[in-house]
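Visitor: The structure that follows is given in the form of structure tokens.
Please treat every number below as a calculation from the coordinates, not as lab data. Treat the numbers as computed from the prediction; the structure is a model and nothing was measured. Heads up, the Cβs are rebuilt from the backbone with ideal geometry, glycines too, and the neighbour counts pull from every protein chain shown.
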Amino acid sequence: MRLLLADDHPMIRAAIEVLLRDSGFEIVGMAGTGQETLEEVERLQPDIILLDVQMPDGNGLDVLRRLRAIKSRARVVLLTAGVDDSALLEAKSLKVQGIVLKNSDPAYLIECLESVRGGRTWIDPELATRARQLAAAPQRARHLQLAPRERQLIGFVRKGLRNREIAEQLGVTEGTVKVYLHAIFEKLGVATRTELAIRADEFLVG
């Protein structure tokens with residue numbers, strides 16, 4: 001299978017190139033930035049993209065969003081030194097085919113690529129448990145009773161409004177909005193505004 005390797009670290013690229021030699025996966029191109037990756041995807045039409053999460057000029061998730069927007073058929077495997085819950089949730093919502101931690105056993109990368117080639121999804125074992133816990137969280141959240149004002153605030157966050165803009169909509173101070181949002185974070189067990197925005201539809205079910 002034809003593979004595009006996108007990572008801004010030459011040593012990582014060289015190591016992966018050696019690892020994949022004689023593996024049945026042909027590296028047809030390399031990229032070191034998000035913009036380069038998108039250009040190479042268009043030029044090379046690879047089957048799989050090995051995509052570093054942290055890159056200049058458009059990180060891995062930025063590239064993944066763009067690929068989904070243009071309906072690229074390339075399968076995407078994220079390479080990462082670590083990923084927070086909100087990024088993991090977003091990657092799954094964007095239907096990433098694989099996630100491999102850079103500090104894991106190199107055999108995992110081959111295992112992941114083989115799974116993705118076979119049409120399956122593969123997530124590094126260290127992340128799989130977290131992914132299952134996060135997937136179960138919406139089920140718990142549905143049992144929480146949200147007040148109309150709380151639902152309204154979540155809707156504003158989903159739309160990307162800033163605290164100042166939310167305050168203007170509600171006719172309250174920015175400080176009051178911060179208090180409301182903090183209470184919502186605590187109630188729903190989310191850590192960041194990004195996570196709340198990504199999972200807004202789950203919380204607003206019913």
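Visitor: By how many nm would the segment from residue 69 to residue 104 lengthen if fully extended, with 0.36 nm per residue of separation less the alpha-carbon distance?
Guide: Between residue 69 and residue 104, full extension yields an extra 9.6 nm.
Visitor: Same structure again: Cα gyration tensor of the chain, axes a ≥ b ≥ c as square roots of the eigenvalues: rounded (a/c below 1.5), prolate (a/b > b/c) or oblate?
Guide: Note, shape of the chain comes out prolate.
Visitor: Pulled fully out, how much extra length does the chain show between residue 145 and residue 178, if you take 0.36 nm times their separation in residues and subtract their Cα-Cα distance?
Guide: Gain in length upon complete extension: 9.9 nm.
Visitor: Could you work out how far apart the two model spin labels at residue 84 and residue 21 are, taking each label as a point 7 Å from the Cα in the direction of the beta carbon, and quote it in nm?
Guide: 3.9 nm
Visitor: Oh, and also: What order do you get for 92, 71, 178 when you list them from fewest to most C-beta neighbours inside 10 Å?
Guide: Ascending number of Cβ neighbours within 10 Å: 71, 178, 92.
Visitor: Ok, one more. Determine the relative contact order of the chain: mean sequence separation of Cα pairs under 8 Å and six or more apart, normalised by residue count, in whole percent.
Guide: Computed over the chain, the figure is 15 percent.
Visitor: Here is the link list: 71/178; 95/159; 102/178. Which ones come out longer than 31 Å on Cα distance?
Guide: 71/178; 102/178
Visitor: When a/c reaches 1.5 or more, the comparison of a/b and b/c decides; with that in mind, is the stretch 1-118 rounded, prolate or oblate per its Cα gyration tensor?
Guide: Since a/c stays below 1.5, the shape of the stretch 1-118 is classed as rounded.
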